[in-house]
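Structure record follows, encoded as structure tokens.
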Ligand code: ADP
Ligand code: ZN
């Protein structure tokens, strides 16, 4: 049995533990259970890898990321750790060899997919060898409320009864109070010590702007802020679709940015080359779908940009967290608009899951929208979401640096709501944002004439806002649930929150939301 500092240095080559690592490792080496909430990149792996090496027997690591298992095991073997994995991708003889190695006590670490661990065969196998600890990675998968729920995780609570003397450590980067409570309860970790890291990333500046022409806005952002001492900085741009990834990368490249696309539809060797250039060269900007970044560790990423709305605050935090791992000033920039909200509502409506699943997705979207529309400190909003206290404004986000102007939008909201009501009552029809704005602005379109909507009493009563102003107001009203899009065409309908606004019982404050930075794109080609 070697001591933990010796393992840290001789096996992993590190001089010292980081943050809570030392306490966590010491606690688990001593046989204690632990719940570890630590952001991505915080160094969770060492928290179970070191104790697994220090304690007698083999550490069993439960991980849902089957695709990453082979890589993780290969990396450990490079370091001289005796590691192996069991999952459904293996051939029977390969599996048998791993099982023999476990029985004979040759393994330090064994990665197992959760569905494997729950089989009688695997449990039987585990009874035949010595176990140093159980590490339950991505422990938030046990939470039905979370976005990655895995039914197989529910059975992991039984490990406590089957191996009462083996320490268990559950780890996740999702720190909401609810997830935390569910992990503790469902994994039977009532007696565990809890280690909750600080989720704040003070060197990241958060900035969220309204979407007008996203690619031009992105280019303007990269030109004005995506540089370090005048030289192009390394960055990641996230987009939702492959098509958007490719178009955006092309647009940036055509405008002098060293940009490359990355998504799962590209050839493996192309992706590998892109990844290597990103890791080695300076100033490369990768435009990617969310698949990019899992397990990538580049400390000097200076900005992460989103040109589409992420599906959840967890996702946003994880993706933006890839910026500034070196602690130097970095920017998380995002642009989002009404179309993003509409699209995501539609995806949720059409998703295969049951009603509960859709409700969960809806809550995630609502939390994300609340972050976008907040007039308070964004960092504060983000940290409170993760269950952390944050009372002081941070001074390093857009709402702190230039507080958004708001104005009373109650009358505007009432005009919009009564237009929706009248269309319903007088025409038995609902419409999307574009047509509603045309009615309010008194536009003379073929559609308006055809339907006779110029006869509505609300026709032309909304000239105080221009079309962009109305779209922004509608986006905010959708975000706050005062109106809701419905069906494939995103027609806008009333909600239970509409009545009080219509009656004047509730005031509506709206961000004035000037879409800045578009005009700054100096030589942007359309
Ligand atoms: P997480 O699983 O929390 O996302 P990892 O365990 O993958 O984080 O660690 C993130 C990075 O930090 C890895 O490159 C890892 O090698 C490095 N790291 C972790 N702990 C230490 C340490 N004590 N000293 C130096 N580097 C560390
Ligand atoms: Zn702030």
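Taken together, the values in this text are just the output of simple stated rules run on the coordinates, not laboratory data. Remember, it's a predicted structure, so these values are computed and weren't measured experimentally. Positions of Cβ are backbone-derived with ideal geometry, glycine not excepted, and every protein chain shown enters the neighbour counts.
Here the scattering of segment 1-97 is modelled by Debye summation over its C-alpha atoms, one equal scatterer each and no solvent; at q = 0.16, 0.23 Å⁻¹ the log10 of I(q)/I(0) is -0.74, -1.36.
Suppose the chain between residue 273 and residue 56 were pulled fully straight at 0.36 nm per residue; how much longer would it get relative to their current alpha carbon spacing?
Values: separation 217, 0.36 × 217 = 78.12 nm, distance 4.11 nm.
Extra length from residue 273 to residue 56 when fully extended: 74.0 nm.
With only Cα atoms counted, segment 184-319 has Rg and Dmax values of 17.1, 58 Å.
Stretched out fully, how many nm does the piece from residue 96 to residue 457 gain, at 0.36 nm a residue minus the Cα gap? Provide the component values of the computation, followed by the final result.
Working: separation 361, 0.36 × 361 = 129.96 nm, distance 7.75 nm.
Roughly 122.2 nm would be gained on extension.
With the Kirkwood sum run over all distinct C-alpha pairs, segment 312-374 has a hydrodynamic radius of 13.3 Å.
Can you give the relative contact order of the chain as a percent, counting alpha carbon pairs under 8 Å and 6+ residues apart? The partial results should precede the final answer.
On the way: 889 pairs, mean separation 68.5, N = 526.
So the answer I get is 13 percent.
Measuring nothing but alpha carbons in the chain and taking Rh as the Kirkwood radius, the Rg to Rh ratio lands at 1.02. Relative to its residue count, segment 58-135 spans a Cα convex hull of 83 Å³ per residue. In the chain, the DSSP-assigned H stretches of four residues or longer account for a calculated mean residue ellipticity at 222 nm of -12000 deg cm²/dmol, using -39500 (n - 2.57) per stretch and the full residue count as denominator.
Grab every C-alpha pair in segment 241-291, bin the distances at 10 angstrom width from 0 up to the longest one, and report whole percents. Each 10 Å bin holds this share of Cα pairs: 28, 58, 15.
Expressed as a rounded percentage, what relative contact order does segment 1-145 have, with Cα pairs under 8 Å and six or more residues apart? Relative contact order of segment 1-145: 28 percent. Ranked by the mean number of other Cβ atoms within 10 Å of their residues, highest first, the peptides 473-480, 186-193, 345-352 come out as 473-480, 186-193, 345-352.
Using 1/(1 + (r/R0)^6) with R0 = 35 angstrom and r between the beta carbons of residue 505 and residue 224, what's the FRET efficiency to the nearest 0.05? It would help to have the intermediate numbers written out before the result.
Numbers: r = 44 Å, r/R0 = 1.24.
Calculated transfer efficiency: 0.20.
If one puts a single equal scatterer on every Cα of segment 138-198 and applies the Debye formula without solvent, what log₁₀ I(q)/I(0) results at q = 0.16, 0.26, 0.30 Å⁻¹? Listed by q, the Debye log ratios stand at -0.46, -1.16, -1.43. Listing 406, 234 from fewest to most neighbouring C-beta atoms within 10 Å gives 406, 234.
Return the whole-Å distance between the Cα centroid of segment 193-211 and the Cα centroid of segment 106-162. Spelled out, the Cα-based centre of one part sits 30 Å from the other. Global size of segment 145-261: 22.1, 61 Å for Rg and Dmax (C-alpha atoms, Rg to one decimal, Dmax whole).
If you average over every viewing direction, what projected area does the convex hull of the Cα atoms of segment 56-193 give, in nm²? Don't skip to the answer; put the middle values down first.
Numbers: hull surface 33.1 nm².
Its average projected convex-hull area is 8.3 nm².
For the pair residue 389 and residue 18, label points projected 7 Å from Cα toward Cβ lie 2.7 nm apart.
Global size of segment 397-474: 14.4, 48 Å for Rg and Dmax (C-alpha atoms, Rg to one decimal, Dmax whole).
What FRET efficiency comes out for residue 468 versus residue 158 if R0 is 60 angstrom and r is the Cβ-Cβ distance? Round to the nearest 0.05. Numbers along the way, then the final one.
Working: r = 57 Å, r/R0 = 0.95.
Once the sixth-power term is evaluated, E becomes 0.60.
Cβ crowding within 10 Å, taken as a proxy for footprinting-reagent exposure, orders 407, 430 from fewest neighbours to most as 407, 430. Label point of residue 247 set 7 angstrom out along Cα-Cβ; within segment 206-241, amide nitrogens under 20 Å from it belong to 209-222, 237-241. Residue exposure proxy: 357, 6, 453, 364, ordered by other Cβ atoms within 10 angstrom of their Cβ from fewest to most, comes out as 6, 357, 364, 453. Full extension of the chain between residue 424 and residue 410 gives 2.9 nm of extra length, using 0.36 nm per residue less the Cα-Cα distance.
How big is D, in µm² s⁻¹, for segment 346-496 by Stokes-Einstein at 25 °C and 0.890 mPa s if Rh is the Kirkwood radius over C-alpha pairs? Don't jump to the answer; show the numbers that get you there.
Numbers: Rh = 17.5 Å.
So the translational diffusion coefficient is about 141 µm²/s.
Taking the three principal axes of the alpha carbon atoms in segment 251-329, the coordinate ranges are 30, 27, 26 Å, sorted in descending order. With a cut-off of 19 Å on the backbone N, the residues of segment 158-177 near the modelled label site 7 Å out from residue 128 along Cα-Cβ are 163.
Normalised by the number of residues in segment 313-418, the average gap of Cα pairs under 8 Å and 6 or more apart makes the relative contact order 17 percent.
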